[in-house]
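Working notes, structure below.
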Amino acid sequence: MILGFLTDEQTAAAIAAGVDAAQDARGVARYLAASAMPVLSGPHAGSIFLPFDDAALDQVMHRGMHLGDFPEFAQLVDMIGGLNARVEIDPQHIRLPDADL
Amino acid sequence: MNIFRPPFAGMWAPPVDSLDADAAAYIAAVETAKGSAVTSTQRDAINAFVVGEKSASRWDSIKRLYLPIWGVAAANAICMRSLTSGTFTVSGVTHAAGYVQGNGSTGRMDLDAGASPATAGYSTSDCHMAAVIYQADSRTDSRYIGGQALGGTAFDIAFASATEVRFDPQGSNASVNPVVAFRNGIFVGASNSTSYRVLGRRGAGTAYAEATRTESANVAFSDISPSMAARYIIPSVIQGYSDARIGGFSIGNYLDPSAYSMSLKELWETCTGLTLP
């Protein structure tokens, strides 16, 4: 199971733009991006899934800083309901079949 | 960093150490992104690698080279060759000492737009893709070490089965692409014509194995940039996420798999203190 937010395309796009803007504002290359994944099957089919597990909070992103150290992080997470709004989904519901192999 | 010895008897002494300009630029970029210095061992290893690749006339064949060993996303995303940045997914990638590891479901790095075939200058008949695999994917179904695909064409290195890795430098006809019976080590897939494709694998010590295919295969790459730890198709539709531990990744023009894999081995092992399995 993987943890993340369920949302719609418009909100996902806004989150992605916010992540880009946070990097642009600091004059750094865009080394991070929010990954919006269509839910292809299961009870949440049709939604957009933004993966965000607890391990992401432990990664050092830039110059010793974790995601929680960036002011924009709290604002973006609040847009999609806060960390407690996350759900777990089965990864098979977001996996594209590998027809070529 | 140049250290000048004090002058004596009217003579200026030469610098006791100096770095290749490209090596120095990459090191500076990594140190800025990390917020701390690399070690002297890492500095010397990176310099030796760059100098060696230039001496062997392989440096210009490398279009993108990532050494994601720094434990910091921003540093791991920096290309040693171009100083451009790849883009990691916010979630799903562990940035460890010596490698990055995707979660096998949602974590990957997308190469920049300039890494596409037409812009970077590589093609089906003149290409390479290489990866340092410290630990293979934990699953036995098809997973991608890296690559791209669209409309029946492909450019990737894949865990093809429970025992094999395959290099795909053309269309989806996998039967004409070289396969080696290993899942960890340093893999270098390369093609220098429409009738020659090679996949080399370097392991511990001097272990090296190679497979070639010479059937005619000339399906041009789609002009999209590849990803690492997955195969990029189009935004939001990505295939075969891998949870392998990846210590290096490069793409570009044809180069000799045996020699290049040895250089990568020395670079990665010296910088990380780890040993290839």
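List of remarks:
- Matching residues in region B:82-98 - criterion: being in contact with a Ser or Thr (Cβ under 8 Å, 6 or more places away or on another chain) and surrounded by fewer than 24 Cβ atoms within 10 Å (Cβ to Cβ): B:A97, B:G98
- Taken together, the residues in region B:232-264 that are closer than 30 Å to A:A36 by Cα, hydrophobic (A, V, I, L, M, F, W, C) and open to solvent by 20 Å² or more (accessible area, probe 1.4 Å) amount to 3.
- From the options B:A75, B:A29, residue that is within 14 Å of another protein chain (Cβ to nearest Cβ), closer than 30 Å to A:L57 by Cβ and surrounded by 24 or more Cβ atoms within 10 Å (Cβ to Cβ): B:A75
- Check on A:R30, within 12 Å of chain B (Cβ to nearest Cβ) and farther than 16 Å from B:T89 by Cα: no
- All of (1) open to solvent by 20 Å² or more (accessible area, probe 1.4 Å); (2) at pLDDT 95 or above hold for B:N218 with one exception: (2).
- Residue, farthest from B:G92 (Cα to Cα), within region A:33-51, restricted to residues that are touching a helix residue (DSSP H, G or I) at 6+ places or on another chain (Cβ under 8 Å) and facing another protein chain (nearest Cβ under 7 Å): A:P38
Here's the yes/no breakdown for (1) over 27 Å from B:A33 (Cβ atoms); (2) within 13 Å of the chain's Cα centre (by Cα):
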{"site": "A:F5", "(1), (2)": "yes, yes"}
{"site": "A:D8", "(1), (2)": "yes, yes"}
{"site": "A:T11", "(1), (2)": "yes, yes"}
{"site": "A:A16", "(1), (2)": "no, yes"}
{"site": "A:A22", "(1), (2)": "no, no"}
{"site": "A:Y31", "(1), (2)": "no, no"}
{"site": "A:S35", "(1), (2)": "no, yes"}
{"site": "A:P38", "(1), (2)": "yes, yes"}
{"site": "A:G42", "(1), (2)": "yes, no"}
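- Selection within region B:180-195 - assigned to a strand (DSSP E or B) and surrounded by fewer than 19 Cβ atoms within 10 Å (Cβ to Cβ): B:N192, B:S193
- Qualifying residue in region B:78-97 (condition: more than 8 Å from every other protein chain (Cβ to nearest Cβ), more than 21 Å from B:A21 (Cα to Cα), part of a strand (DSSP E or B) and more than 15 Å from the chain's Cα centre (by Cα)): yes
- Subset of region B:166-198 (residues that are touching a helix residue (DSSP H, G or I) at 6+ places or on another chain (Cβ under 7 Å) and in contact (Cβ under 8 Å) with a residue 24 or more places away in the chain): B:R166, B:I186, B:V188, B:A190, B:V198
- Pair list, Cβ < 8 Å and 6+ apart or interchain, from region B:128-157 residues that are without any contact (Cβ under 8 Å) to a residue 24 or more places away in the chain to residues that are aliphatic (A, V, I, L, M) and open to solvent by 20 Å² or more (accessible area, probe 1.4 Å): B:T140/B:A162
- For A:A85, the conditions (1) more than 13 Å from every other protein chain (Cβ to nearest Cβ); (2) within 29 Å of B:I69 (Cβ to Cβ); (3) in contact (Cβ under 8 Å) with a residue 60 or more places away in the chain are fulfilled apart from (2).
- Whichever residue in region B:125-139 is surrounded by fewer than 21 Cβ atoms within 10 Å (Cβ to Cβ) and not acidic (D, E) and, among such residues, is farthest from B:A244 (Cα to Cα): B:S125
The values are calculated or read from the model by the stated rules, or taken from the named source; none is laboratory data. The shown structure was predicted, so the numbers you read here are calculated from the model rather than taken from an experiment. Don't worry about glycine lacking a Cβ; one is built from the backbone with ideal geometry, like all the others, and counts go over all protein chains shown. Surface accessibility is based on the protein's heavy atoms, side chains included, excluding ligands, DNA and RNA. Shrake-Rupley method; radii C 1.70, N 1.55, O 1.52, S 1.80 Å.
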